[in-house]
């Protein structure tokens, strides 16, 4: 009987601790909307030009991309890419969460901004969370049960450009990888 009680208490304690873990799953209405990525993800983004953009702006000129940058919440630019010739809005770009010097950025809030030939820059807020939240990297930190990604919660204004964000893959969050190569004789 004592074992059943102790096991029940242990299970309830584990469930309670898992419920208290914050993996970016909670929503705070005072914060701006953002999309959450793990610190080992590669972010893929593209400029979306909806059909209603042409109607609302009474134009036939298609926006082209002249460059992009990533900045911190306070506006400090950490990564800047400028194109010698404008790129089409249909192209996808990736950011491996590194700064201009190739160093990985710390976790926190950032903004990806795309400069266009037609109007002001278009941006999206992102939050970089620790990669070990849902990772089996026991050496890095203990695994925490969560599997959520808050999506960009603000509706896109009618007739406006916006960024589409997604994950283009991951890199190891443990700091080491094991790769095996086989060569046939």
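Would you mind telling me which numbered condition in (1) part of a strand (DSSP E or B); (2) touching a helix residue (DSSP H, G or I) at 6+ places or on another chain (Cβ under 8 Å) residue 36 fails?
(2)
In segment 70-85, which residues are out of contact with any strand residue (DSSP E or B) (no Cβ under 8 Å at 6 or more places or on another chain), over 13 Å from residue 100 (Cα atoms) and either touching a residue at least 12 places away in the same chain (Cβ under 8 Å) or not in a strand (DSSP E or B) (or both)? Spell out the reasoning first.
Step one: list which residues in segment 70-85 are out of contact with any strand residue (DSSP E or B) (no Cβ under 8 Å at 6 or more places or on another chain), which gives 74-76, 84-85.
Checking which are over 13 Å from residue 100 (Cα atoms) leaves us with 74-75, 84-85.
Residues satisfying the conditions are 74, 75.
Go over the candidates 128, 112, 107 one by one and state the one that is over 25 Å from residue 47 (Cβ atoms), in contact with a strand residue (DSSP E or B) (Cβ under 9 Å, 6 or more places away or on another chain) and modelled with pLDDT of 70 or more. Walk me through how you get there before you give the answer.
Values: 128 fails: over 25 Å from residue 47 (Cβ atoms); 112 fails: over 25 Å from residue 47 (Cβ atoms).
Checking each option against the conditions leaves just 107.
Just one of the numbered conditions (1) in contact (Cβ under 8 Å) with a residue 24 or more places away in the chain; (2) out of contact with any strand residue (DSSP E or B) (no Cβ under 6 Å at 6 or more places or on another chain) is not true of residue 42; which one?
(2)
Taking segment 94-105 as the search range and keeping residues that are touching a residue at least 12 places away in the same chain (Cβ under 8 Å) and either in a loop (DSSP other than H, G, I, E, B) or crowded, with 19+ Cβ neighbours inside 10 Å (or both), which one is farthest from the chain's Cα centre (by Cα)? Steps first, answer last, please.
Taking segment 94-105 and keeping what is touching a residue at least 12 places away in the same chain (Cβ under 8 Å), we get 94-100, 104-105.
Those still in the list that are either in a loop (DSSP other than H, G, I, E, B) or crowded, with 19+ Cβ neighbours inside 10 Å (or both) too: 95-97, 99-100, 105.
Values: 95: 9, 96: 10, 97: 9, 99: 15, 100: 18, 105: 12 Å.
It comes out as 100.
Which ones in segment 56-87 are exposed (fewer than 12 other Cβ atoms within 10 Å of the Cβ) and either at pLDDT 90 or above or closer than 24 Å to residue 107 by Cβ (or both)? Break it down into steps so the answer makes sense when it comes.
First, the residues of segment 56-87 that are exposed (fewer than 12 other Cβ atoms within 10 Å of the Cβ): 58, 60-61, 74-76, 82, 84-85.
Selection gives 74, 75, 76, 82, 84, 85.
Can you tell me which of (1) under 23 Å from residue 91 (Cα atoms); (2) more than 14 Å from the chain's Cα centre (by Cα); (3) at pLDDT below 60 is the one residue 138 doesn't meet?
(1)
The values are calculated or read from the model by the stated rules, or taken from the named source; none is laboratory data. Since this is a predicted model, take the numbers as computed values, not measurements. Please note: Cβ atoms are built from the backbone with ideal geometry, for glycine as well, and neighbour counts cover all protein chains shown.
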